[in-house]
1. Is there a residue being closer than 17 Å to Thr113 by Cα and surrounded by 15 or more Cβ atoms within 10 Å (Cβ to Cβ) anywhere in segment 190-205?
2. All but one of (1) without any contact (Cβ under 8 Å) to a residue 12 or more places away in the chain; (2) under 30 Å from Thr123 (Cα atoms) hold for Trp221; state the number of the condition that does not hold.
3. Among the residues of segment 98-117, are any more than 30 Å from Asn254 (Cα to Cα), at pLDDT 90 or above and assigned by TED's automatic domain parsing to the domain that holds Gly228?
4. Scan (1) within 19 Å of Val240 (Cβ to Cβ); (2) in contact with a Gly (Cβ under 7 Å, 6 or more places away or on another chain); (3) surrounded by 15 or more Cβ atoms within 10 Å (Cβ to Cβ) for the single condition Leu110 breaks and write down its number.
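The values are calculated or read from the model by the stated rules, or taken from the named source; none is laboratory data. None of the values given here were measured: they were computed from a predicted structure. Glycine gets a Cβ as well: all are built from the backbone with ideal geometry, and neighbour counts include every protein chain shown.
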Amino acid sequence: MDLFKKHYEKILLGGVLLILAVSAALLPVMISGERDDLRTKAEAIINLLPKALPPLNLSTQEVTLRQLEVGIRVDLTTSNKVFNPILWQKMPDGRLVKNQTGDEVGPRALDVTKQTPLYFIITFDSSSTNDTGVMRYGFGVEDQAALQLPKRKKKPYYVNVGEKNSAFQLREIQAVADGGMEFILELTDTGETVRLSKDKPFKREDGYMVDLKYDPENKKWASQRVGGALNFAGENYNIVAITKNELVVLAKSNQKKTPVPIVIEATK
(Lines give C-alpha, C1' and ligand atoms only; values in the text may rest on other atoms or scores of the structure.)
Protein backbone atom coordinates (compact mmCIF):
# COMPACT_ATOMS: atom_id res chain seq x y z
CA MET A 1 0.00 0.00 0.00
CA ASP A 2 2.85 2.34 0.77
CA LEU A 3 4.37 1.40 -2.52
CA PHE A 4 1.20 2.39 -4.39
CA LYS A 5 1.06 5.66 -2.49
CA LYS A 6 4.64 6.43 -3.34
CA HIS A 7 4.38 5.52 -7.03
CA TYR A 8 0.69 6.08 -7.93
CA GLU A 9 1.67 8.94 -10.26
CA LYS A 10 3.89 6.59 -12.21
CA ILE A 11 1.19 3.90 -12.29
CA LEU A 12 -1.40 6.42 -13.46
CA LEU A 13 0.97 7.75 -16.13
CA GLY A 14 1.73 4.23 -17.27
CA GLY A 15 -1.99 3.51 -17.64
CA VAL A 16 -2.49 6.66 -19.67
CA LEU A 17 0.47 5.78 -21.88
CA LEU A 18 -0.93 2.27 -22.34
CA ILE A 19 -4.28 3.67 -23.44
CA LEU A 20 -2.53 6.05 -25.82
CA ALA A 21 -0.43 3.20 -27.22
CA VAL A 22 -3.54 1.05 -27.84
CA SER A 23 -5.34 4.02 -29.41
CA ALA A 24 -2.35 4.70 -31.64
CA ALA A 25 -2.28 1.06 -32.66
CA LEU A 26 -6.03 1.06 -33.48
CA LEU A 27 -5.93 4.40 -35.27
CA PRO A 28 -4.92 3.02 -38.74
CA VAL A 29 -7.72 0.47 -38.52
CA MET A 30 -10.25 3.16 -37.61
CA ILE A 31 -8.97 5.43 -40.38
CA SER A 32 -9.19 2.60 -42.93
CA GLY A 33 -12.73 1.76 -41.86
CA GLU A 34 -13.78 5.42 -42.01
CA ARG A 35 -12.15 5.77 -45.43
CA ASP A 36 -14.05 2.71 -46.73
CA ASP A 37 -17.29 4.08 -45.32
CA LEU A 38 -16.73 7.46 -46.98
CA ARG A 39 -15.82 5.76 -50.28
CA THR A 40 -19.03 3.70 -50.19
CA LYS A 41 -21.14 6.77 -49.52
CA ALA A 42 -19.38 8.71 -52.32
CA GLU A 43 -19.87 5.91 -54.83
CA ALA A 44 -23.53 5.65 -53.87
CA ILE A 45 -23.95 9.37 -54.56
CA ILE A 46 -21.81 9.47 -57.71
CA ASN A 47 -23.27 6.31 -59.30
CA LEU A 48 -26.87 7.02 -58.34
CA LEU A 49 -29.15 6.43 -61.36
CA PRO A 50 -31.29 9.51 -61.93
CA LYS A 51 -35.04 9.15 -62.26
CA ALA A 52 -36.41 9.41 -65.78
CA LEU A 53 -37.93 12.76 -66.56
CA PRO A 54 -41.64 12.75 -67.36
CA PRO A 55 -42.38 13.01 -71.11
CA LEU A 56 -42.75 16.50 -72.41
CA ASN A 57 -46.25 17.64 -73.32
CA LEU A 58 -45.87 18.75 -76.94
CA SER A 59 -49.55 18.67 -77.85
CA THR A 60 -49.69 22.41 -78.44
CA GLN A 61 -46.60 22.32 -80.63
CA GLU A 62 -47.92 19.29 -82.57
CA VAL A 63 -51.17 21.09 -83.33
CA THR A 64 -49.19 24.07 -84.56
CA LEU A 65 -47.01 21.84 -86.76
CA ARG A 66 -50.05 20.14 -88.27
CA GLN A 67 -51.59 23.49 -89.04
CA LEU A 68 -48.36 24.56 -90.72
CA GLU A 69 -48.28 21.37 -92.79
CA VAL A 70 -51.85 21.84 -93.95
CA GLY A 71 -51.46 25.51 -94.52
CA ILE A 72 -54.06 28.21 -94.46
CA ARG A 73 -56.72 27.99 -97.15
CA VAL A 74 -58.61 31.08 -98.13
CA ASP A 75 -61.93 30.28 -99.79
CA LEU A 76 -62.62 32.87 -102.45
CA THR A 77 -65.16 30.81 -104.40
CA THR A 78 -67.95 29.38 -102.25
CA SER A 79 -68.34 31.41 -99.06
CA ASN A 80 -66.70 34.62 -100.28
CA LYS A 81 -69.27 37.15 -101.44
CA VAL A 82 -66.91 39.99 -102.39
CA PHE A 83 -65.62 38.41 -105.59
CA ASN A 84 -68.48 35.90 -105.96
CA PRO A 85 -71.82 37.51 -105.15
CA ILE A 86 -74.85 35.28 -104.59
CA LEU A 87 -76.57 34.30 -107.83
CA TRP A 88 -80.32 34.81 -108.11
CA GLN A 89 -81.98 32.85 -110.92
CA LYS A 90 -85.38 33.51 -112.41
CA MET A 91 -87.64 30.51 -112.78
CA PRO A 92 -90.08 30.01 -115.71
CA ASP A 93 -92.96 31.09 -113.47
CA GLY A 94 -91.18 34.34 -112.61
CA ARG A 95 -89.97 33.35 -109.14
CA LEU A 96 -86.44 34.28 -108.07
CA VAL A 97 -84.42 31.45 -106.51
CA LYS A 98 -81.35 32.17 -104.39
CA ASN A 99 -78.57 29.90 -105.73
CA GLN A 100 -76.23 30.24 -102.77
CA THR A 101 -74.29 26.96 -102.98
CA GLY A 102 -74.77 26.21 -106.67
CA ASP A 103 -76.98 23.20 -105.90
CA GLU A 104 -80.29 25.01 -105.44
CA VAL A 105 -80.98 24.78 -109.18
CA GLY A 106 -79.72 22.47 -111.90
CA PRO A 107 -79.22 18.69 -111.82
CA ARG A 108 -78.04 18.59 -108.20
CA ALA A 109 -81.42 19.96 -107.15
CA LEU A 110 -83.08 16.77 -108.45
CA ASP A 111 -84.61 14.72 -105.68
CA VAL A 112 -85.32 10.97 -105.86
CA THR A 113 -88.57 10.33 -104.02
CA LYS A 114 -88.96 6.61 -104.78
CA GLN A 115 -86.68 3.80 -105.93
CA THR A 116 -88.01 0.50 -107.29
CA PRO A 117 -85.75 -2.52 -108.01
CA LEU A 118 -86.01 -4.10 -111.49
CA TYR A 119 -85.51 -7.85 -111.74
CA PHE A 120 -84.49 -10.50 -114.25
CA ILE A 121 -86.90 -13.38 -113.52
CA ILE A 122 -87.08 -16.94 -114.84
CA THR A 123 -90.08 -19.10 -113.89
CA PHE A 124 -90.98 -22.71 -114.67
CA ASP A 125 -94.51 -22.64 -116.06
CA SER A 126 -95.40 -25.97 -117.65
CA SER A 127 -94.30 -29.23 -119.22
CA SER A 128 -95.78 -30.98 -122.24
CA THR A 129 -95.10 -33.60 -124.90
CA ASN A 130 -94.79 -32.56 -128.54
CA ASP A 131 -96.04 -34.46 -131.59
CA THR A 132 -92.96 -36.69 -131.62
CA GLY A 133 -93.41 -37.68 -127.98
CA VAL A 134 -90.50 -35.58 -126.68
CA MET A 135 -91.05 -33.87 -123.32
CA ARG A 136 -90.71 -30.09 -123.49
CA TYR A 137 -90.42 -27.77 -120.49
CA GLY A 138 -91.87 -24.27 -120.60
CA PHE A 139 -90.12 -21.34 -118.90
CA GLY A 140 -90.96 -17.66 -118.75
CA VAL A 141 -88.26 -14.97 -118.87
CA GLU A 142 -89.00 -11.42 -117.74
CA ASP A 143 -86.33 -8.69 -118.06
CA GLN A 144 -87.77 -5.71 -116.19
CA ALA A 145 -84.62 -3.61 -116.69
CA ALA A 146 -84.56 -3.92 -120.50
CA LEU A 147 -84.27 -0.57 -122.29
CA GLN A 148 -86.92 -1.41 -124.90
CA LEU A 149 -90.50 -1.88 -123.75
CA PRO A 150 -91.24 -5.06 -125.78
CA LYS A 151 -88.25 -6.81 -124.19
CA ARG A 152 -89.63 -6.18 -120.68
CA LYS A 153 -92.63 -8.42 -121.25
CA LYS A 154 -92.53 -12.02 -120.13
CA LYS A 155 -91.30 -14.25 -122.97
CA PRO A 156 -91.96 -18.01 -123.11
CA TYR A 157 -89.28 -20.57 -123.96
CA TYR A 158 -89.78 -24.33 -124.49
CA VAL A 159 -86.65 -26.47 -124.17
CA ASN A 160 -85.38 -29.91 -123.30
CA VAL A 161 -82.18 -30.88 -121.47
CA GLY A 162 -79.14 -29.56 -123.33
CA GLU A 163 -81.04 -27.02 -125.45
CA LYS A 164 -80.01 -23.38 -125.39
CA ASN A 165 -81.74 -20.10 -126.21
CA SER A 166 -80.95 -16.38 -125.92
CA ALA A 167 -81.64 -16.39 -122.16
CA PHE A 168 -80.37 -19.73 -120.80
CA GLN A 169 -79.43 -23.36 -121.39
CA LEU A 170 -81.25 -26.16 -119.58
CA ARG A 171 -78.35 -28.24 -118.21
CA GLU A 172 -80.05 -30.76 -115.92
CA ILE A 173 -83.29 -31.81 -114.25
CA GLN A 174 -83.26 -33.31 -110.77
CA ALA A 175 -86.07 -34.88 -108.75
CA VAL A 176 -86.74 -33.45 -105.28
CA ALA A 177 -88.13 -35.05 -102.14
CA ASP A 178 -91.72 -33.81 -102.59
CA GLY A 179 -92.00 -35.42 -106.02
CA GLY A 180 -91.36 -32.22 -107.93
CA MET A 181 -88.50 -31.20 -110.21
CA GLU A 182 -85.59 -28.84 -109.86
CA PHE A 183 -84.10 -27.32 -113.01
CA ILE A 184 -80.44 -26.36 -113.37
CA LEU A 185 -79.92 -23.56 -115.89
CA GLU A 186 -76.85 -21.78 -117.19
CA LEU A 187 -77.55 -18.11 -117.88
CA THR A 188 -76.46 -16.88 -121.29
CA ASP A 189 -75.44 -13.35 -120.24
CA THR A 190 -73.27 -14.20 -117.21
CA GLY A 191 -72.54 -17.93 -117.50
CA GLU A 192 -73.89 -18.34 -113.97
CA THR A 193 -75.47 -21.66 -112.99
CA VAL A 194 -78.79 -21.28 -111.16
CA ARG A 195 -81.48 -23.55 -109.76
CA LEU A 196 -85.24 -23.06 -109.84
CA SER A 197 -88.43 -25.02 -109.40
CA LYS A 198 -92.16 -24.51 -109.80
CA ASP A 199 -92.45 -22.76 -106.43
CA LYS A 200 -89.02 -21.07 -106.40
CA PRO A 201 -88.35 -18.97 -109.52
CA PHE A 202 -84.94 -17.43 -110.19
CA LYS A 203 -84.84 -13.70 -109.43
CA ARG A 204 -81.89 -11.32 -109.94
CA GLU A 205 -81.81 -7.56 -109.29
CA ASP A 206 -80.65 -5.93 -112.54
CA GLY A 207 -81.46 -2.24 -112.14
CA TYR A 208 -83.71 0.43 -110.65
CA MET A 209 -86.62 2.66 -111.57
CA VAL A 210 -87.06 5.99 -109.78
CA ASP A 211 -89.58 8.76 -109.21
CA LEU A 212 -88.09 12.26 -109.37
CA LYS A 213 -89.02 15.80 -108.49
CA TYR A 214 -87.46 19.19 -109.18
CA ASP A 215 -88.72 21.66 -106.59
CA PRO A 216 -87.47 24.92 -108.20
CA GLU A 217 -89.95 24.38 -111.06
CA ASN A 218 -92.43 22.10 -109.24
CA LYS A 219 -91.81 19.29 -111.75
CA LYS A 220 -92.25 15.59 -111.12
CA TRP A 221 -91.43 12.47 -113.14
CA ALA A 222 -92.67 8.97 -112.29
CA SER A 223 -91.17 5.56 -113.18
CA GLN A 224 -87.97 6.89 -114.77
CA ARG A 225 -85.40 4.41 -116.09
CA VAL A 226 -81.97 4.55 -117.72
CA GLY A 227 -82.46 6.40 -121.01
CA GLY A 228 -85.26 8.58 -119.66
CA ALA A 229 -85.44 12.20 -120.88
CA LEU A 230 -85.84 15.16 -118.50
CA ASN A 231 -86.21 18.87 -119.12
CA PHE A 232 -85.58 21.39 -116.35
CA ALA A 233 -83.51 24.50 -115.62
CA GLY A 234 -83.59 25.37 -119.32
CA GLU A 235 -81.70 22.18 -120.30
CA ASN A 236 -82.47 18.73 -121.68
CA TYR A 237 -81.03 15.78 -119.78
CA ASN A 238 -80.88 12.02 -120.21
CA ILE A 239 -80.63 9.51 -117.39
CA VAL A 240 -77.49 7.47 -118.16
CA ALA A 241 -77.14 5.40 -114.96
CA ILE A 242 -79.12 4.42 -111.88
CA THR A 243 -77.47 2.51 -109.05
CA LYS A 244 -78.62 1.77 -105.54
CA ASN A 245 -77.03 4.97 -104.23
CA GLU A 246 -76.72 7.29 -107.22
CA LEU A 247 -78.48 8.70 -110.27
CA VAL A 248 -76.41 10.11 -113.16
CA VAL A 249 -77.83 12.58 -115.69
CA LEU A 250 -76.21 13.81 -118.92
CA ALA A 251 -76.74 17.34 -120.23
CA LYS A 252 -77.35 17.28 -124.00
CA SER A 253 -75.82 20.71 -124.60
CA ASN A 254 -72.33 20.03 -123.23
CA GLN A 255 -72.36 16.25 -122.52
CA LYS A 256 -71.59 16.92 -118.86
CA LYS A 257 -72.49 14.11 -116.46
CA THR A 258 -73.77 14.99 -113.01
CA PRO A 259 -74.16 12.40 -110.22
CA VAL A 260 -77.11 12.86 -107.90
CA PRO A 261 -77.03 10.97 -104.55
CA ILE A 262 -80.12 8.89 -103.81
CA VAL A 263 -81.28 9.56 -100.27
CA ILE A 264 -84.92 8.67 -99.72
CA GLU A 265 -86.44 9.92 -96.49
CA ALA A 266 -89.26 8.09 -94.79
CA THR A 267 -91.47 11.19 -94.88
CA LYS A 268 -91.38 11.46 -98.67
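1. Of the residues in segment 190-205, the ones closer than 17 Å to Thr113 by Cα are none.
Checking segment 190-205: not a single residue is closer than 17 Å to Thr113 by Cα and surrounded by 15 or more Cβ atoms within 10 Å (Cβ to Cβ).
2. Every condition holds for Trp221 apart from (2).
3. Taking segment 98-117 first, the residues more than 30 Å from Asn254 (Cα to Cα) are 117.
The next check asks that each one be at pLDDT 90 or above; those that pass are 117.
Next cut, assigned by TED's automatic domain parsing to the domain that holds Gly228 only: 117.
Yes; the residues of segment 98-117 include at least one that is more than 30 Å from Asn254 (Cα to Cα), at pLDDT 90 or above and assigned by TED's automatic domain parsing to the domain that holds Gly228.
4. For Leu110, the failing item is (2).
Residue by residue, here is whether (1) of a type outside the set (Gly, Ala, Ser); (2) surrounded by 12 or more Cβ atoms within 10 Å (Cβ to Cβ); (3) closer than 30 Å to Pro107 by Cα holds:
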| site | (1), (2), (3) |
| --- | --- |
| Met209 | yes, yes, yes |
| Asn218 | yes, no, yes |
| Gln224 | yes, yes, yes |
| Ala233 | no, yes, yes |
| Asn245 | yes, no, yes |
| Val263 | yes, no, yes |
